[in-house]
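Below is one structure; the comments refer to it alone.
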Amino acid sequence: MKFEKAGAGLPEFERLFIRVFLVPIVRITMNWTISRLLIKREVKIIKKLLNNISNKQLQQEMSIKRTFAIEDNSRQFSVNEVLEHLVIAGSLVKDVIETLSKEQEVEFDIKIENVKPKENKANQLEDFLEFYQDYDDFIINLPKKQSKMTKAHPWFVSFNNFDWNNFMFMHTFIHRRQIEAILNELKRFENE
Amino acid sequence: MSSNAIGTIIIAGLLLIILLFGWFLFSTSMSFLITIILNLEFSLIKALYLFLGMITIKAFYPKNVFV
């Protein structure tokens, strides 16, 4: 099966729906604490989902139907690759929040193709859980001020530090749904 | 659109509705508390205006409301 190249983006309608409707409403309904608790909830759900899944299954790449807000290129990931992507992208978001919180300019470019998984290694879940614990500690200790400085997401609008933390929740949620789709596909594949 | 994608939109929508309702309860409770303290008559319409005002401010000037 052929997939689009990394960084090709979302279908225009989906991108506009997120940009015009979802981003503003998330900004209205969230605060630092709500986002933090929702991120922790997503991590718990992912941990529970992967409870009885073998290492072989976690590394098995599956082709799934495109899930919401996932670009075509990411439809071929294994569960571990999704987790790896969450760690890579999450580390970048953490750096961006840290820089914006100091009211400094983010000098590096954010490119979707740079946050794609590379290793598909065996113990990715441990790295994932460790990263999200670090991120939680970071947010707990962050002064809860909204920065004036912003950094644009390549697909959407300019986000300040608060928006990037909200994005971190939405991003984790979207990929948790992708993991569910991969697990369903794995089940279907094994029953055939 | 896959059933997973539809499910994701429904879950996200429900979550945002629950959060909006939570903010409504919060602003209405505040409004109720103020009417008790100042011995005024509670009005649900006024509470609704307060809620709409709060989310409008939160949309355009988010740093001013419950960061």
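The values are calculated or read from the model by the stated rules, or taken from the named source; none is laboratory data. Because the structure is a prediction, the values reported are computed rather than measured. Note that each Cβ is placed from the backbone with ideal geometry, even for glycine, and that neighbours are counted across all protein chains shown.
Overview of values
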item: Selection status of A:Thr172, out of contact with any helix residue (DSSP H, G or I) (no Cβ under 7 Å at 6 or more places or on another chain) and crowded, with 17+ Cβ neighbours inside 10 Å; result: no
item: Neighbours by Cβ (under 6 Å, 6+ apart or cross-chain): first from the stretch A:154-182, free of Cβ contacts under 8 Å to residues at least 12 places away in the same chain; second surrounded by 22 or more Cβ atoms within 10 Å (Cβ to Cβ); result: none
item: Residues located in the stretch A:31-53, provided they are at pLDDT below 95 and not in a helix (DSSP H, G or I); result: A:Asn31, A:Asn51, A:Asn52, A:Ile53
item: Only listed residue being touching a residue at least 24 places away in the same chain (Cβ under 8 Å) and either within 16 Å of A:Phe173 (Cα to Cα) or not charged (D, E, K, R) (or both), chosen from A:Ile45, A:Ile25; result: A:Ile45
item: Flag for A:Ser63 being among the hydroxyl-bearing types (Ser, Thr, Tyr), over 25 Å from A:Thr150 (Cβ atoms) and within 14 Å of chain B (Cβ to nearest Cβ); result: yes
item: Index of the failed condition, A:Ala69 passing every other in (1) touching a residue at least 40 places away in the same chain (Cβ under 8 Å); (2) more than 10 Å from chain B (Cβ to nearest Cβ); result: (2)
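Residues are listed down the side, and each one gets a yes or a no for (1) over 15 Å from the mean Cα position of the chain (by Cα); (2) of a type in the set (Lys, Arg):
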residue: A:Asp137; (1), (2): yes, no
residue: A:Asn165; (1), (2): no, no
residue: A:Gln178; (1), (2): no, no
residue: A:Ile182; (1), (2): yes, no
residue: A:Arg188; (1), (2): yes, yes
residue: A:Glu192; (1), (2): yes, no
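This table checks each residue for (1) modelled with pLDDT under 95; (2) more than 29 Å from A:Ser54 (Cα to Cα).
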| site | (1), (2) |
| --- | --- |
| A:Asn73 | yes, no |
| A:Glu84 | no, no |
| A:Lys94 | no, yes |
| A:Glu107 | yes, yes |
| A:Phe131 | no, no |
| A:Lys148 | yes, yes |
| A:Asn161 | yes, yes |
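Matching residues to (1) among the acidic types (Asp, Glu); (2) more than 16 Å from the chain's Cα centre (by Cα):
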residue	(1), (2)
A:Lys44	no, no
A:Lys48	no, yes
A:Met62	no, yes
A:Ile70	no, no
A:Leu86	no, no
A:Ile112	no, no
A:Glu119	yes, yes
A:Ala122	no, yes
A:Gln146	no, yes
